[in-house]
Every structure is written in C-alpha cells, then in structure tokens.
Amino acid sequence: MAVRMANGQRAGAEKDEGRGRAEDRRRVLIVDDHPVVREGLVQRINRESDLIVCAEAGDAREAMAALEREGPDLVVVDISLPGRGGLELIRDIHALHPDLPVLGLSMHDEVVFGERVLRAGGRGYVSKSEDASTMLVAIRRVLDGGIYLSERVSSLMLSSLSSSAKEQGPSAVDSLTDREMEVFSLIGRAMGTAEIAGKLNMSVKTVEAHRANIKQKLGLRSGPELVRRAVLWVESAH
C-alpha cells in the first residue's frame, strides 16, 4: 500500500523550529508511483512554513481514497501512473471537485503534456527536470488561484492561438489519446516495447496495441516509420 499519512513520522515537520503549525499550513497530496520521488517531494515541501504534505499515493485508486479522507488544498499528480493514468485521474478529480487545484508533474515533454493537463482540468504543469524551487513556485501560484506553465510553454501556446495554423484543424498527432501520446513520446526517445511497458506499468500486449493504433491514426505502414516519425516529433518539440 503506497498511501502514507504525513501526520505520522514524515510530517512531524510542524514540530520543528521556524515552521508553522500544521493547521495553518496548506495541505498537499502527492500522487506518484515512485517512492524515491515522493520522498524527495515530501521532504522539500515539509521544510516550508506554509506548506505540508498531508498524504501520499502511488496510483489513482489510492489517490482518490486519500483525497476524500484528507481533504487537501492541492493535489500534485504524476502523469505516468500505473493503471488509470495521471491525466485520467486529473479529469476524475476535476469532475468531482472542480475547485480543487491540481498540478501535473512528469518527465514527458511539457509542450505537449502541459496543454493536456490544462485540458484535463489541471491548473499547471512542472517537468521533473526542474529544480525544487520551481516546484514550490508552481505549488504556491496554483494554490493562489493562478495557472503555472513555464515561459516556454506559455509563449508557444499563445503563439499557436494567434497563428493561422489553428485554422487548418488539429494535426494527426493531436488525435492520439493521452496514453497513446505517452507511448509515442517514449518511442521517440528510443525506448523499445518492453521498456515502455515497464515504464508505464502496462503489459507488452497493451503497448503493442497502442503502437498499432498510433500507426493507424498517423497513416504509417511499419514499425520503422513509426519510430522515425516519433523521433522527429520529439526533436521538433524541443
């Protein structure tokens, strides 16, 4: 069971000198299937006088249970969760608690997934490659009712809105589902089917089904064509 309560041994932070009382600090739920990542986030957030991690979860089911039990002020969700993915979880949270801010977190390219987090109902996106101070800025901005995206993503999104390209309709890549987009992104990073299955906590057969769907949607005839298209797409997004 990956859920851990922050009012236990991890969240004794409020007892330390210079930190606010637990009841005065805004409560954060961390959802990530990697214990080491959660550990780092918990330790960094709990050092802040105005923030505290109230609970952790390793998948969508545990996250929803912790959310109802703990009533956090903010949820940080990793996009690549096992089973029901992070974007699906964000949609679920938004449907049930439309006023609860959610911040997306991932190693995937922010240009694509930042926009998808917003469409799912999230209030922002932070790449795992960013430093801890950026995460704290994002958390506070979203808690204060704002939207957090990097300057690069914000500029690209504004540019796309004002560009005549928007009149040409969505691209073929835009037709991919969220999970297909994750698989496509990892293919473009030279990952094989078994490696992608391990990364996304799904079976090889499921990854192969996603690959077949992607090829069909993009009008590709072979595996090598898919890899070339994915690599070019990843390179163009940076």
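Coordinate-derived values only; no laboratory data. Just so we're clear, the structure is a prediction, and the values are computed from it rather than from any experiment. Cβ coordinates were reconstructed from backbone atoms using ideal geometry, including for glycine residues, and neighbour counts include every protein chain displayed.
Below, the figures for the structure above:
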quantity: Efficiency of FRET from Cβ geometry, R69 and K215, R₀ 41 Å, rounded to 0.05; calculated: 0.45
quantity: Computed P(r) (all Cα pairs; region 170-236; 5 Å bins; percent); calculated: 3, 19, 34, 28, 13, 3, 0
quantity: Efficiency of FRET between A190 and S49 - r from beta-carbon atoms, R0 45 angstrom, step 0.05; calculated: 0.55
quantity: Cβ-defined net charge surrounding L100, 13 Å radius [Lys, Arg +1; Asp, Glu -1]; calculated: -1
quantity: Set of region 115-130 residues, backbone N closer than 20 Å to the point 7 Å along the Cα-Cβ line of H97; calculated: 117-126
